[in-house]
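S.K.: Sharing a structure here in structure tokens format.
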Amino acid sequence: MTLQEIKNLKEKSDTRESLIEYLIHLHKVKNIAEIGVFKGDLTSYLLNKVEAIENYTLIDPWRYLEDWNKPNNQSNTNFEAIYKDTLEKVSFAQSKLTILRGKTNEISESIKPNSLDAIYIDGDHTLKGITIDLIQMWDKLTSNGIIIGDDFYPSIKRNKFAFEPTLVFPFAVYFAEAKNVKIFTLPFNQFLIIKNHQPFEFIDLTGKYSKIELKPLIEEVLQTQANENRLLVKFKRKLNRLLK
Ligand SMILES: C[S@@+](CC[C@H](N)C(=O)[O-])C[C@H]1O[C@@H](n2cnc3c(N)ncnc32)[C@H](O)[C@@H]1O
């Protein structure tokens, strides 16, 4: 995959799904794994659109996770129903499916090293989750394999910390630097790592990322908090005046 082809992605795709489809098509992917399948919407989309896929590995625990403070965490009853629906949704491609029901670190040993052309990471998204996914799956990729990942945002203040923060960015960038490979930011909050594209470089095709340090991300959170506190104080003063 050339840099120009990657740059062209912007024009070629108007949704996250079509972007991933285009990348997989461009890279002639035959063996792919998706970490975090949920209802199987992306899985069925890709299996429908990309005939060249020979094996699609679905990785998801489909169960309530005590240690996953994210909005998609559901009761076991809900997840059981989602799992059944997903199996039905992708049953048209039965012969291509490998289903691994478990968290990445529970199932990774059952995937052979050097066996996947592409991995789509869309599971846990916390700092712990993205660390485990990238480190445990790296050796499963073929020498020119690709990793595409979701939830790559230039800010950590989403959800106002009602949940564990999403830290795919900047961790994926640090990981790419540790492996001395290029990492690209793509539209729809996706990132791309190509295993044999050396040396390390952070190529921001979205123009949204000026810094890759944690400090500005934390400062932004503190600033938002300070603004909110100021507004609250103002509101309380006004209310007190009205009540007098
Ligand atoms: C955002 S959803 C996935 C959406 C799906 N990729 C799509 O595009 O339609 C996140 C999923 O990740 C799963 N998940 C959470 N922690 C995980 C982990 N440690 N390993 C694998 N999957 C995980 C959850 O069960 C949930 O179904």
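The values are calculated or read from the model by the stated rules, or taken from the named source; none is laboratory data. What you are looking at is a predicted structure, and each value in this text was computed from that prediction instead of being measured. Glycine gets a Cβ as well: all are built from the backbone with ideal geometry, and neighbour counts include every protein chain shown.
S.K.: As an exercise: evaluate G145 against (1) modelled with pLDDT of 95 or more; (2) closer than 25 Å to P216 by Cα and give the number of the one condition it does not meet.
M.R.: (2)
S.K.: Given the conditions (1) under 16 Å from the mean Cα position of the chain (by Cα); (2) under 23 Å from L167 (Cβ atoms), report the number of the one that D41 does not fulfil.
M.R.: The number of the failed condition is (2).
S.K.: Out of the residues in segment 149-169 that are more than 11 Å from the ligand (Cβ to nearest atom) and modelled with pLDDT of 95 or more, which is nearest to P187 (Cα to Cα)?
M.R.: Going through the qualifying residues, I end up with F152.
S.K.: Listed residues T131, T142; which is farther than 25 Å from K10 by Cβ and either within 14 Å of the ligand (Cβ to nearest atom) or among the small types (G, A, S) (or both)?
M.R.: Only one candidate passes the filter, namely T131.
S.K.: Still on this model: Would a scan of segment 163-183 turn up a residue that is more than 26 Å from W68 (Cα to Cα) and in contact with a Leu (Cβ under 6 Å, 6 or more places away or on another chain)?
M.R.: Scanning segment 163-183 turns up no residue that is more than 26 Å from W68 (Cα to Cα) and in contact with a Leu (Cβ under 6 Å, 6 or more places away or on another chain).
S.K.: If you scan segment 53-75, which residues turn out to be surrounded by fewer than 12 Cβ atoms within 10 Å (Cβ to Cβ) and either farther than 25 Å from L167 by Cβ or over 22 Å from the mean Cα position of the chain (by Cα) (or both)?
M.R.: S75
S.K.: Collect the residues in segment 1-29 that are within 13 Å of P187 (Cβ to Cβ) and exposed (fewer than 14 other Cβ atoms within 10 Å of the Cβ), keeping them in residue-number order.
M.R.: Within segment 1-29, K7, N8, K10, E11, D14, T15 qualify.
S.K.: Run F184 past the list (1) away from the ligand (no atom under 16 Å from the Cβ); (2) farther than 18 Å from E21 by Cα; (3) touching a helix residue (DSSP H, G or I) at 6+ places or on another chain (Cβ under 8 Å) and report the number of the one that doesn't hold.
M.R.: F184 satisfies all of (1) away from the ligand (no atom under 16 Å from the Cβ); (2) farther than 18 Å from E21 by Cα; (3) touching a helix residue (DSSP H, G or I) at 6+ places or on another chain (Cβ under 8 Å) except (2).
S.K.: Any idea which of D85, D117, D122 is more than 28 Å from D204 (Cα to Cα) and of a type outside the set (K, R)?
M.R.: The unique qualifying residue is D85.
S.K.: Restricting to segment 18-37, name every residue that is over 22 Å from S143 (Cα atoms), within 10 Å of the ligand (Cβ to nearest atom) and touching a helix residue (DSSP H, G or I) at 6+ places or on another chain (Cβ under 7 Å).
M.R.: Selection gives V37 alone.
S.K.: Sticking with this one: Among (1) free of Cβ contacts under 8 Å to residues at least 60 places away in the same chain; (2) in contact with an Asp or Glu (Cβ under 8 Å, 6 or more places away or on another chain), which single condition is Q190 missing?
M.R.: All conditions are met except number (1).
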